[in-house]
Amino acid sequence: MNELVLSGRKQLPASQNPALVYLASLSKGGQRTQQQALRVVAEIVGAGAENYDKMRWSALRYQHTAAIRARLMETYSPASCNKILSALRGALHEAWKLGQMSAEDYQRAVDLEHVTGETLPAGREMTAGEIGALIGACQKDNTPAGTRDAAIIGLLYAAGLRRAEIIALDLGDFEPTGKLVVKGKRSKERTAYINDGALDALADWIGLRGSATGALFCRIDKGAKLIPGRLTTQAVYNLLVKRGAEAGVEDFSPHDFRRTFISDLLDKGADIATVSKMAGHASVVTTARYDRRPEEAKQKASKLLHIPYRKRKR
């Protein structure tokens, strides 16, 4: 497959390169994810991950894409397989649109079955005590960073926002009533609503931040001075690590707030379709993966069975 796929000629210009044209059509966040997916495909076919943009994507045929799918299934979860196959289809679609593949070759190459299977979302659920301890650690910090971090933690849990969604928020996306306009994946917008302590924490932060337009959350230097500009996802991760250490909360990820947000809402009787919309999921099936109620039902059902075994005395 190596000889067929690697280009022996000069690299195509960006405007004629299927992989680059495909990536250019995506949002910045999508570009990073799908570029990595194309790198995986390039590695599988023997071109080398670093040569994903030098591959002759137009030379791929069904026998190659079917082999790629099989290799992916040996290593990756169903969700990751389908994400990588989506990137593969995207590059091939651009190759066809650029006139580098016939319609028949393209249709055959992308005619791949969806990889089925189900895995549980990575991470863990956080307790109310842990979230309270994190907020408490922030409130012990009397600098603007303490107020900002409490507001961020409030949005991560009470609105189930992703890190990228947090940093993309502008002041104009927030209304004092608690309504937020959130820019999600694939440039999709949705509304979110916060109440209670999350709303109070955000209001306190805005009081310190001021009414200048721009990013809702900004950087703060060591002198407690607010610096205009948007936070990075890494900065959000770092502040959570810091607050976790101060609060004595065991290791957790930013996504664990989102997992807990979904699970808690379902636990408290919220309709799964509504929760799916609140989380910005494209499908209710994705939301259902976070639903812990079926597991609790299975655990309860398992207690209906009895094995007549007596534990040995020591």
> Counting only residues that are of a type in the set (A, V, I, L, M), surrounded by 15 or more Cβ atoms within 10 Å (Cβ to Cβ) and modelled with pLDDT under 85, how many does the stretch 112-140 have?
Replying inline: 0
> So, in the stretch 9-31, of the ones that are under 14 Å from the mean Cα position of the chain (by Cα) and surrounded by 13 or more Cβ atoms within 10 Å (Cβ to Cβ), which residue ends up nearest to Arg162 (Cα to Cα)?
Replying inline: Gly29
> Quick check, is Arg61 modelled with pLDDT of 90 or more, touching an Asp or Glu at 6+ places or on another chain (Cβ under 7 Å), over 21 Å from Ala14 (Cβ atoms) and of a type in the set (D, E, K, R)?
Replying inline: yes
>> If I filter the stretch 158-169 for residues that are in a loop (DSSP other than H, G, I, E, B), of a type in the set (Lys, Arg), closer than 26 Å to Phe217 by Cα and in contact (Cβ under 8 Å) with a residue 24 or more places away in the chain, do I get at least one hit?
In response: yes
> Which of the following residues is on the phi > 0 side of the Ramachandran plot and within 26 Å of the chain's Cα centre (by Cα): Gly229, Gly197?
Replying inline: Gly229
> Any residue at all in the stretch 207-222 that is aliphatic (A, V, I, L, M), in contact (Cβ under 8 Å) with a residue 12 or more places away in the chain and exposed (fewer than 12 other Cβ atoms within 10 Å of the Cβ)?
Replying inline: yes
>> What pairs come out if I take residues in the stretch 128-150 that are in a loop (DSSP other than H, G, I, E, B) and pair them with residues that are of a type in the set (A, V, I, L, M, F, W, C) whose C-beta lies under 7 Å away, six or more apart or interchain?
In response: Thr143/Ala224
> Are there any pairs with C-beta distances below 9 angstrom linking a residue in the stretch 50-64 that is assigned by TED's automatic domain parsing to the domain that holds Ala24 and assigned to a loop (DSSP other than H, G, I, E, B) to a residue that is buried (at least 18 other Cβ atoms within 10 Å of the Cβ) and of a type in the set (Asp, Glu), with the two at least 6 apart or on different chains, and if so which?
Replying inline: Leu60/Asp105; Arg61/Asp105
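The values are calculated or read from the model by the stated rules, or taken from the named source; none is laboratory data. Keep in mind the model is a prediction, meaning the values are calculated, not measured. So basically every Cβ, Gly included, is an ideal-geometry build from the backbone, and we count neighbours across all protein chains shown.
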